[in-house]
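The values are calculated or read from the model by the stated rules, or taken from the named source; none is laboratory data. All figures in this text were calculated on a predicted structure; none of them were measured in a lab. All Cβ positions, glycine included, derive from the backbone under ideal geometry; neighbour counts span all protein chains shown.
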Amino acid sequence: MKLSLTYAASAALLFTAGIAQSEDWPRFLGPNGNGSISQDTRLNTDWKSDPPNSLWTGNVGLGCSSFAITDGKALTLGNRNDVDTVWCFDAASGAVIWKSSYDEPTQAKYYSGGTSSTPTIDEDRVYTVSKSGKLICFDLESGEIHWEKDFDGRKQSWGWAASPVVYGDLLLIDPGAKKGALGALNKMTGAFVWAAGDEEPGYATPVIYNANGKDYAAVFHKKALVGYDLANPGDPVYRYSWRTSYGANASNPHYRNGKIFIGSGYGSGYAVIDVTQGEPKLLHRDREWILKVQTSILAGDNVIAHFGGDGDPRDMVALDFDSGEVRWKQEMPGDLGNVIAVGGNLIVFTDSGHVILGTDQGDRFQELGRKHALLGTSWAPPAYADGRLYIRNNLGTVVCLDVSKS
């Protein structure tokens, strides 16, 4: 593996003292991996009279990697000419603090190709996964490499896409090996700790949840949703078969009160499954609401998503988690989009490059403003921290929007 490192020692880190800060966004879909943060005092909600403006732009190369943000740094990945680069930007100014590159095929199959997973930040370390299964641990401050591994698993058609997940002293990955579909490494050394299951990998990131005082991981593999007991990582505690064209299970599950929501594209739609017993039970399903590459959020009693894909645009919809009842629909630009929640507000980033702010009013979506911020297809979820929204398109254009109160 050829690696190169560039470090900009003079990059200024900009901090504002005395201003209440929002939570960081240190991993795929935010601090809890569910696309939402509850504590925020910075977001401007008057976009019609005070619309967002661009703070900085850049180009990181091809890919669908989102951002991880903490301690004034914003990280993402991209690919140029069969070389991946991990970028660490000053979150406020866009100055490059450091970048690190390694050889990696672009793998442009039915789309532009490039990177798929999102960096994971844990304290002073950063973890990344490439499409060919290079797992690297970087130093957050300098970009120096602490350790690196290559996946020993079964690569899917579009490579590995699940972002690594920190669980205590462990780093959880989804290599899809015959002797370990879910793997756990020592996060400090990279040493192997345990492996469980024998499923082929999906594209969704593992989701950790607690039930009856015990921690579990729900992993949306290629052919099934599988639950693992993290205290006793032996045989899976449940398995629900879910076959999708091309094995494209890419959207993260949601757990709530013994039930799990999953969704896929290619006509599969969504389902809610009871996993309280050894044999999972289907509670409700609708093939109309497809999630191809985008994510959804669980907001209170509702699953909210901008459904669609495959040139078949759908609405943004709020579905009652327990019943599947449609609470409201809202037409959106583009084929599909990603939704995040910031302090009770919804931000939608569509694949047409539109950013839309609104709120869930129970029976309707109330729009508070919108901006067409990017040209070109955009699949990566947005990321938010400290009054700034980070978005990108698949060709690598990055935009940081000021969405803070004046």
Worksheet item: When you go through Gly324, Gly337 one by one, which is the residue that is buried (at least 21 other Cβ atoms within 10 Å of the Cβ) and not polar (S, T, N, Q)?
Response: Gly337
Discussion item. Here are the criteria: (1) over 20 Å from Tyr266 (Cα atoms); (2) of a type in the set (D, E, K, R); (3) surrounded by 24 or more Cβ atoms within 10 Å (Cβ to Cβ). Tell me which single one Asp351 does not satisfy.
Written reply: (1)
Discussion item. Being of a type in the set (Gly, Ala, Ser) and either within 23 Å of the chain's Cα centre (by Cα) or crowded, with 22+ Cβ neighbours inside 10 Å (or both) is true for just one of Gly265, Gly234. Which residue is that?
Written reply: Gly265
Worksheet item: Of the residues that make up the range 63-78, is at least one part of a strand (DSSP E or B), surrounded by 23 or more Cβ atoms within 10 Å (Cβ to Cβ) and on the phi > 0 side of the Ramachandran plot?
Response: yes
Worksheet item: What are the residue pairs meeting all of these: first residue in the range 212-227, first residue outside any strand (DSSP E or B), second residue not acidic (Asp, Glu), Cβ atoms under 6 Å, and 6 or more apart or on different chains?
Response: His221/Gly202; Lys222/Gly202; Lys222/Gly247; Lys223/Arg243
Fill in: Residue tally, condition under 22 Å from Ser49 (Cα atoms) and out of contact with any Asp or Glu (no Cβ under 9 Å at 6 or more places or on another chain), over the range 342-363
8
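Take Phe307 and tell me if it is in contact (Cβ under 8 Å) with a residue 60 or more places away in the chain and over 15 Å from the mean Cα position of the chain (by Cα).
Spelling it out, it is not the case that Phe307 is in contact (Cβ under 8 Å) with a residue 60 or more places away in the chain and over 15 Å from the mean Cα position of the chain (by Cα).
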Item to complete: Mind telling me which of the residues Ile97, Ile121 ends up being farther than 20 Å from Ala380 by Cβ, crowded, with 19+ Cβ neighbours inside 10 Å and at pLDDT 95 or above?
Response: Ile97
Worksheet entry | Residue that is at pLDDT below 95, polar (S, T, N, Q) and more than 13 Å from Asp386 (Cα to Cα), where the choices are Ser54, Ser36 | Ser36
